[in-house]
Each structure stands twice: as C-alpha cells, then as structure tokens.
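These notes are about the structure you will find just below.
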Amino acid sequence: MKQQISLDINGRVYDLVISHRDLLVDVLRKKLGLTGTKKGCGNGDCAACTVQVDGEPTLSCLTLAISCQGKKIITVEGLAQPGGALHPIQEAFVNQGAIQCGYCTPGMVMSAKALLDKNPKPTLEEIKLAISGNLCRCTGYKRIIEAIEIAAATMSAQEVK
Amino acid sequence: MQTWDKRETEVTEGKSSYVREGVPSYLDERRHSQVGRSVPKVDAAAKVRGEAVYADDMTLPNMLYGKIKRCKEYAHAKIKKIDCSKALALPGVFAVLTGDEAPNKWGIVPHSCNETVLAIDKVRFYGEGVAAVAAIDEETAEAALDLIEVEYEPLPALLDPFESMARANEVVIHETNPDNIAFHGNQIYGDVDKAFAECEYVLEREFKTGMPQHGFIEPQSALASFDPHNGRLHLWSSNQVPHYLHRQLSIVTEIPMSKIRVTIPTVGGGFGGKGEACPNEFAACILSRKTGRPVKITYERSEVFFTSKGRHPCHMKMKIGIDKDGYIQAVDFDNTMDKGAYASWGVVVMFYTGSMVHLPYKIPNVRSYLRNVYTNKPSSGALRGLGGVQPRLAMEVMLDEMAEMMGISPYELKMKNAVVSGYTAANNMYVPHTEYKRCLETAVEKSSYLEKHGKLPFGKGIGLAGGNYISGTAYTLYQNYKPHTTVVLRVDTEGGVTVQCACTDIGQGVDTVIAQFTAEALGVYFEDVHVVVRDTETATFDLGTFASRLTYATGTAVKAAAEPINQKLKEIAGQKLGCRADQLIIKDHKIYSMYETKKTMSWDEAVDIATSTVGTLVGVGHFSPPRRKGIDIVTGNRIQGGNIGHSPTFGFSCQIHEVEVDVETGRIRVKKVTEAGDMGTPVNPMAADGQVEGSIVYNMGAALYEDQVIGADGRHLNPNFHDYKMPTSMEMPDMFINTLKDSYDPTAPFGAKETGEGAVQPTFPAITNAVYDAIGIRFYQVPITPEMVLRALKEKKEKEAGCGA
Ligand code: FES
Ligand code: FES
C-alpha cells in the first residue's frame, strides 16, 4: 500500500509517496537521488548506509522510511558547510588519507559525526567502538581513527556542530 | 645510503634540503618535487562528500532493473527445463534471458574460457545464475524470478579437490576435463634430490589454507545501454580490468569491440574480485539489447559471495633443505589447489604459486608439482597477493622452525639467504633491485624482535616473516606482446595538462599516482593535472588493475609520453633564452638552464608560444615489460608455465607481529605490527603507508577469521558479512609502518615499485610464528580459529601429562 509522507532530510522537507515496506536507504538513493548514502550489504552488517536520525547513528538499510516521519534525518550530503566547504570531519578524512575506495566513507563520517555530536572529546577506545560496526576493507582503520581524533580536536577548537 | 626525507622536499626549487652524495643536484634524476609528495587523493573530497559516482548510484532515462535467478537447490545439477513464460507474462517485465541465448564462453585466460553468462546444461556451484530478467523496477524483477520454473536433476557435489580427483570416473564437473583437474604443471629447476642429499637440515611439512573472499564493500553493479540505432553498446560497471571486460563483452555479445564502450565509474574496492568480467555485466548488456532500454543489475551481498572468485584454498607440501653453513639449497613444493567451479585465473595463480617459491631467498634447486582441481564450490580466482600468500606461509613458517632446529634466530637465517639486487633466480626471474635485507634489519630493530623472541611470557609471542611481490607481469593473458599500457599527454593553454590512460583506480590510488607522475615528468604541479581514466573510448589502452602493475606501467608510459612535449618546449625556451635545448631543465613551472639558473622562463609562457605556433602538444608513451624466458637457467630448458612470475621488478617487506593468545577462549589477538617495506620510491607516501596498513589488517582477517563455509551438500553457509567475519576497528592492531623512504630502484620509473600486494605476503606466517612463540604450538593451517587453538592446547597438555606420567 502506498502512502504520502513527509521526511525532513538535511533540513529540507520532502513530500513523498512510498509504500510501507520502503527502506530509508532506498528512498534516499532511488527516490531522492541522495546517493551519498551507500548500500554495502542491505543486512545491517556493514554500516555503509549510516545516517543520523534525530542525532542517532542509524542503519538506513534496516530502517523503514515511514518510521522516520517527524524526525530529523541527516545524510552525508547534509554535512556541506556554507560555500561548499568540507565539514571538519570530512576535511580530516581527506587530509589524513583515510579514504581509499571511499565506499565506507559516508557511513564512517556519519558514525563519527554522531559520536562527536554527543561526545566531543572521545577517547581512542570510544572512537574505535563508535565505528566498530562500520566495515572498511581498504584502510585498516588506522587513518580513519586518526582523522576522527583530529576532527574532534578541530571541532572543539572551532565549536562546529 | 641517503638519508633525505622526500616528504620534506615538497618543492625542490631554491631549497637545498636534499643532496645526494656525489651527484650534482642539476643532474640528479632523483630530485623529485611531485613524486614523493603526500597529497590527498584526487577524488578524496568527492568521496567524502558522497558525490563520487559509483555504478549503482547511476540511473539513465527509461532504465530497467535486472535480476538474476540463481540455483539455490543444488551445487551440482543438470538443468532439465527452464520455463520463463509466467515471468514474461508478469506486467512490468520487459525481457527474460536464459543461458542458451548467450552460449559463447568467456573467461580471463583465453585458452581456458569455460564460463557462460548463465548456466546452460548444468549448474556447477551453489548460487549459479540460470536466468535473468529486466523489469520496470526491482520489486517486479524479483517477483518475476519467483515465477521462473527450473527443473533440475541433482548430481553429486564434489567439494574437496582430492575427492574430486578420486571420483572423476564417476562424476565429472567439466566434460573437457575428465579427470576433474583443471590445470597441472611440473616445474623442475636444478637437481633437487641431489641437493637434499647434501643438506644438513631437511624438514618437510604440510599446509592448508582457507577460502577467504575479497570483501569489497561495494557490490558489483553494471549499467548497460544499447543503442539500437547505431548498434553501439555502452557499459558502466564496477570492474578493475576494463579492457579485458571489453574483449569478453565482444566475444559474448558478438558486437565488435569498436562498437563497445566500457566506462568504469568510481569503484568501491576490488582486491582482484573485480579483476575479470562478471555475469551481471553480460546480462545487463544483453537485456539492454533485447529491450532497447538501459538495464542495471546490482548484486545483493549474497550474490557477491556466490559468484566470488576468491583465494584458492591450497593443500601444500613443502620440503626445505639447508646446508651445514645455513644456506638454503633446495625446496620441493607440491600444491593441490581448490579451483572451485570455473577456470577463472586458475592457471595463472597455479604457476604463480610455483614461481613465488623462488624469492625472496636464494634457492638454487626448486621443484614444484602443481595441480588445480575443479570442485562444486565458488570459483577461485584472483585475490590480493594472488599465488604468493600460500607458499609464503609455508616457507616462512618452515624457516622459523628450521632456525630453531639449527639453534639460530630466524632473522639470522633469513638475512643469510636474502636475495640482493641483481639476483637471477633458478627460474630466470631477475631482481634488478631489492632492499630486502634492510627491511629485515629495520623491522627487527624497531620492534626489538631479538630481545623479545623466545623470551615473552606464555600466551604472548612475537613472529617475523618476510615477503615479496611482483610489480606487474611480464606477460599478458592475450598471448600478444602489444604494449601493456599507453598514455597520452596533452598540453595546451586551454586545458593545461591532461593525462589520458584507461587505468583503473579501485581505491588504491592510481588516479593520484598518475597525476603525480605526469606533474613530475612535465615539470608542473600535481594540482595542475587533469586525469582522464577508466574509459575505453576517451582513454587509452591499459591491461588493468592486477599484479600490482600500475605504478611501474603508468610511470614508464608517462615518462615516455612527456619526452616529445618537453623537447618542443625546450626548443622554444632555448630560442628565447639563447641556450641549447638539451641544457634546459623543466621543473616546478619553470624552464631554466642547468648551468646558468638565471636563464629562465616560465613554463606557461612556453606553452602559450607553443600553442600559438604549433598548436596543442601531444605525447604518446607506451609501456612494454621486458620479456624473459621461462627457463631453467642452468640447463636452458624451457619450463612449462615458467614465464609466469617474471616481473620488471619486485617489492619486498618484513612484518613482525606481536600477538596475545587467550588460553581460555583460544582467541588470538594481534596487538602490534612493525613493518618495513621496500617499494622503491613511495610516490605518495601517505597513500603508500595506507596501502600497507590496509594490507596488514586485510590478511590478518584471513589468518584468523575469514573463511567461506560450504555445507556438506554444497550450500554456501555464510554468504553475508554477519557470518563471514572481517576485521573491524576493534581488531586493529597498533601498526608501525617503516617504509624505506630512500629506497630507489634505478631501473624503475621515478624509482618506484609495487606496494599494495607485497604487504599482504608476510602476514600469515608472521602471525603463525608469533602464535608459536606465544604458546609453543605451530599451526600449519590458516585461518587459525579459536577452536583450533583450544584443541591444540588440550592435546599439548595431554601429551605433556602423558610424557610426565
Ligand atoms: S547496507 Fe546497511 S548495514 Fe550494510
Ligand atoms: S575505503 Fe574502501 S572500504 Fe573503506
């Protein structure tokens, strides 16, 4: 059955006709063209599809779009800063060489953001834990973790949200 | 030995931070400004913003979605009947495809092509495709798959290579191979038996390796668009060998190559798994031709597992002989490999396992008996470090054990036997340059291996292993000696600098590396270079991303392509500056006399003059690897498969792993890894170290957890990331990467060699040796699972108790 709903994504409200079974990841990618969110497994095992729903890191491949009504969804596209500048987390990923194939990157960045939003000064263990569900097959994680540490420092200094 | 750090020499102009002894700076070809720079990847910002376009991110107007029906009943069965009529009748379904409509066989190695797009008469592995549909949306396509009726007649599933050989009289997987042996070969170099007879120390062991899979996070996706008006086909696909794919598409679809265009969007990892064509690519193309509309087929994760062409499980016997002075004299190697269902890279990987025995130690007598056997399992193919990691495990573990027999340190034994620059192996493999000994020295020193080895408390251990890998192959699979890579450089006032080459970045970073090479070769900045890559129409030929070949290949071709352009610009500048063109240097956007640095003009001005007078400057460069005969260097006899393994040059590395073994749970944790690698010049040191870190964690997975599990009936039991365990951030060890930054291969372009596959080589044995150091148990099998550890500990305890009683 199809139904009309509204979703608040990256600060913009989209009116959509969707079926009850539609997953958030598919709505983002196929209906809205927000393909920054990746689908690596569709099973909740890789976290490439991580977005923020009301601030929580959320696997969009396990989330029904319909359940997100009235909530604030942020995807990787929503991290863009005024003038197209990179968010400090993104900047750190680029500069640290934390990106190889990049397929895990949007999910990693969103997991990192959800962590730093809540815990601006995480310990190394807290960072590892926050991304422990995000699989990266290329980097060995080292540079990703370093990037998040650097981003935390930059964000605390700049008070970026 | 030079001690300069290239990271400090971002721009050499006017700086004297680097001086090479005995070489005037103006003549020093190692004085790079763009090679050796740690720059972010050219596509990093797009990727981090979520703007990089991967195949599944694409849509085209009127696009249909394709899906493949797979056999989920059997691993081996005759197909009696396929009825697609109900599926075709479903509203929203545009076309159905079955195997008989595309009977031409494809495969990466021309003389062993034995796959069809979809199974025709029988299925040979669990999950093999039997039909495909194109429909208006994915839901409809899926519903259509359920309506396709297939009748099978089950056949016994052969799941083990020894069983497969033994039962060949009863069950045959491919009619072409009545013994179920896909490939076999014997390679005999020197007189192994005689050498063994003269050895003081001889050891023989058996080894077994698991069946890991690539684990790239982006599933395969292909979008095809056939234009019925001009008969042209355009395919966008997640693939690492666009030109091999191009060729296979032409064979299967019978469309001439000149009417097929392959474009590779951003690729979300490959590791060899996208190193040949994939059925979704063919199916998308054929369905597009049938419907006249674009068709996209993206795999589910389970389909990636079913169709994966992962690492060959190997059953190896190795015998090593060492003389009384500690020199290795002979190696006898016997390898039975599990081919899985189809040929894939099988013959190549098999001969690689033979050739990999010859390095990184000097071994005068080597004998390899190799066979690769069909089974009803996912096909084995190319996976990071192909053909190397299995024999490496065997040799490095045995040398550890033999050092103990001899009462010396494994480090001493390996140093003594390590190859040196200019070495020619028994199989005529030539190593122009190596810093292997320095890798061993550095890693040992930085990790305090000698102080720790054998001295840590029970449960903690340290293990050393070395390794090497090719920097590209010397031979194509085409049996054609055309150049392996062509680069076109274009310089004009309009576009600036453009490099064209259809090399394929799968995350390893060749787009960035080729831009750095181009900038260095033309004397401009990395930031100035536009890269046109991954497209068979807009870019030039390149063999593909495999065998760690691209750094060497693109570097050589770029250098050659830059020559005519530089020549023209120097002539122009020479006229203006009043000096000879051959005394000019182009660097950092300036052209100046090497003798009178005041005579200088801007590069851009020279380009402006050139563009205004002779027009756009274009240079073409090719790379053809040196050919060497696959012979026994002593007798001169040709050896079957002996060409495989030759490479223009080789990378080397040493890894030292420190582990903790939990004797309660059997869990092994790698706590710390100290690595030292010789990759020649690190072109982009930051990215290069990232390759090494990634390699270590990658193969740590296959050493400790990763294994595809096949049930007794041939079913794939863990085709998902939940049950197939890959390392997460929680398993990551502390990693200390000590790349030899001053390594320089004078025979290689800009001194650079491979890194992305060499660094996976030592991981298996380093961990295995560390586990031995921790608990006194030598494992001859990977992955070393907690169950294996607990069982072995129990046996050890019982044995010790037994001995005491
Ligand atoms: S795609 Fe959602 S967890 Fe993998
Ligand atoms: S960068 Fe490739 S999966 Fe993380």
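Structure summary
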| quantity | calculated |
| --- | --- |
| For B:Ala752, residues with placed amide H under 5 Å, excluding near neighbours | B:Thr681, B:Asp745 |
| Under 26 Å from the Cα of B:Lys629 - lysines, other chains or at least 8 residues apart | B:Lys194, B:Lys362, B:Lys482, B:Lys753 |
| Lysines with Cα under 18 Å of A:Lys30, excluding same-chain neighbours fewer than 8 positions away | A:Lys2, A:Lys38, A:Lys39, B:Lys67, B:Lys296 |
| Taking only Cα atoms of the stretch B:615-746, radius of gyration then Dmax in Å | 21.5, 74 |
| Rel. contact order, % - alpha carbon contacts under 8 angstrom, at least six apart, chain B | 16 |
| Label-point separation, B:Thr600 to B:Ser448 (7 Å along Cα→Cβ), nm | 4.9 |
| Efficiency of FRET from Cβ geometry, B:Lys72 and B:Ala712, R₀ 22 Å, rounded to 0.05 | 0.85 |
| Beta bridge orientation in chain B: antiparallel %, DSSP, nearest 5 | 75 |
| Where labels lie 7 Å past Cα in the beta-carbon direction, separation of A:Asp8 and B:Ala89 in nm | 5.0 |
| Total formal charge among the other residues, if their Cβ is under 12 angstrom from that of B:Ala87, Lys/Arg +1 and Asp/Glu -1 | -1 |
| Under 11 Å, Cβ to Cβ, from B:Ile710 - net charge with Lys/Arg +1 and Asp/Glu -1 | -2 |
| Global form of the stretch A:82-160, assessed from the alpha-carbon gyration tensor, a/c cut-off 1.5 | oblate |
| Selection from B:Thr424, B:Phe282, B:Cys71 lying farthest towards where the dipole of the protein assembly as shown points positive, charges on Cβ | B:Phe282 |
| Charge dipole magnitude, Cβ of K and R +1, D and E -1 - the stretch B:427-580, Cα centre, debye nearest 20 | 640 |
| Relative compactness, chain B, computed as alpha-carbon Rg over 2.2 N^0.38 Å | 0.98 |
| Whole-Å distance, taken between Cα centres, linking the stretch B:319-357 and the stretch B:219-272 | 35 |
| Sparse-neighbourhood loop sites, GluC sites (Glu not before Pro) in the stretch A:130-161 - DSSP loop, at most 14 other Cβ within 10 angstrom | A:Glu159 |
| Extended-chain gain in nm, criterion 0.36 nm per residue less alpha-carbon gap, B:Lys482 and B:Asp146 | 116.3 nm |
| Cα gyration tensor category, rounded, prolate or oblate, for the stretch B:11-131 with a/c compared to 1.5 | prolate |
| Farthest toward positive dipole pole in the protein assembly as shown [+1 Lys/Arg, -1 Asp/Glu at C-beta], among A:Cys138, B:Leu233, B:Ala519 | B:Leu233 |
| Theoretical FRET efficiency, 1/(1+(r/R0)^6), r = Cβ-Cβ of A:Met1 and B:Phe458, R0 56 Å, to 0.05 | 0.30 |
| Difference of contour (0.36 nm per residue) and Cα-Cα distance, B:Lys81 to B:Arg667 | 206.1 nm |
| Magnitude of the charge dipole, the stretch A:82-160, Cβ model with Lys/Arg +1 and Asp/Glu -1, debye to 20 | 220 |
| Length added when fully stretched, B:Leu60-B:Val634, from 0.36 nm per residue minus Cα-Cα | 200.6 nm |
| Karplus 3J(HN,Hα) series, Hz, for the stretch B:575-584 with 6.51 cos²θ - 1.76 cosθ + 1.60 (x for Gly, Pro) | 4, 5, 8, x, 8, 6, 4, 6, 9, 9 |
| Sequence-distant residues sharing a close amide H with B:Tyr152 (under 5 Å, placed H) | B:Lys80 |
| Partners for B:Lys570 among lysines (Cα-Cα distance below 25 Å; same-chain residues under 8 apart left out) | B:Lys15, B:Lys559, B:Lys587, B:Lys590, B:Lys598, B:Lys599 |
| Karplus (6.51, -1.76, 1.60) ³J(HN,Hα), θ = phi - 60°, over the stretch A:19-35, in Hz, Gly and Pro reported as x | 9, 4, 8, 5, 8, 4, 4, 6, 5, 4, 6, 9, 7, 9, x, 8, 7 |
| Amide proton proximity set for B:Lys590, modelled H, under 5 Å, gap of 5+ | B:Trp603 |
| Local electrostatic count at B:Leu245 - Lys and Arg +1, Asp and Glu -1, tallied over other residues with Cβ under 13 Å | 0 |
| Estimated FRET transfer efficiency when R0 is 22 angstrom, pair B:Ile136-A:Arg21 (beta carbons, to 0.05) | 0.85 |
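No lab work stands behind these numbers, since they all come straight from the coordinates. Remember, predicted model here, so these are calculated numbers, not experimental data. For neighbour counting, all protein chains shown are included, and Cβ atoms are generated from backbone atoms with ideal geometry for every residue, glycine included.
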